[in-house]
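Encoded as structure tokens, the structure appears first; notes follow it.
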Amino acid sequence: MKNRIAIGLSVLIISSSVFTSCKAVQNSNKTQRGAVIGAAGGAVLGAVLGNNLGKGGNGALGAVIGGAVGGVAGGLIGRKMDKQAREIQEQLPGAQVERVGEGIRLVLGENAVRFEFNKATLTSTAKANLDKLVPVFKNYPDTNIKIYGYTDSKGADEYNLNLSDQRAGAVKSYLAGKGLVNSRFSIMGMGESDPIDTNDTDAGRANNRRVEFAILANDKMIEDAKKESGN
């Protein structure tokens, strides 16, 4: 898996270099260059990662990569996502906000979204932090939001999977209760899979107990972008 990704990324870098060396691309603006490179690179990356990082697979990162549109339409979507990512970072400076392709991966550690011990009940601090996301999500109604819950490796696998699913559901319910359209959200409990740190220390386990969001263009945003791009 890692070798296939590495090969794919190498090809993507080479493809990008070839395209950016062309005079026509050099004279274009950033959005146009991104569209050209995105169309070529997206095809390479999609072929390499298709089954492994498809829609809904491998957490938020996989969902964002799998949801790529590409081309000029993808570049237009990317500009809107750039703006939304900046607003999220302004509201939650400590959050990990990653712009990937045409979407956003947002990682909130347990310091931002904490639950009561062994429960799916949000603490007051968690609610306060989620409140900061509500106006941003309201400003961009043409996005879908996938919520992934994670635990550390302590406890039985099935128990952790169920707990992470309940916690992702608690986040969805809270945000929907703040006036956001319920149908924009989907949830998935990931249990102890995809750790971002070691599970051998307290600090590492704390990092693995997290909630991730994949913010993606919905059908309306995609269709609007295609119309604007002339497709």
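Every number here is computed from the coordinates shown, using simple stated rules; none is lab data. Owing to the predicted nature of the structure, the values given are computational and were not obtained by experimental measurement. Quick reminder, even Gly has a Cβ in these numbers, built from the backbone with ideal geometry, and neighbours come from all protein chains shown.
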Table column - 3J(HN,Hα) (Hz), the stretch 216-231, Karplus curve with 6.51, -1.76, 1.60, x for Gly and Pro: 10, 5, 8, 4, 5, 4, 5, 5, 4, 5, 5, 5, 5, 7, x, 8
How would you order 218-225, 105-112, 169-176 from highest to lowest mean count of nearby Cβ atoms within 10 Å? 105-112, 169-176, 218-225
Given backbone amide H placed at 1.01 Å from N, residues whose amide H is under 5 Å from that of Gly103, ignoring those fewer than 5 places away on the same chain, are none
Among the listed pairs Lys138/Lys226; Lys178/Lys220; Lys146/Lys172, give every one whose C-alpha distance is greater than 18 Å. Lys138/Lys226; Lys178/Lys220
Given a Förster distance of 30 Å, report the FRET efficiency between Asp197 and Lys83 from their Cβ-Cβ distance, rounded to the nearest 0.05. 0.50
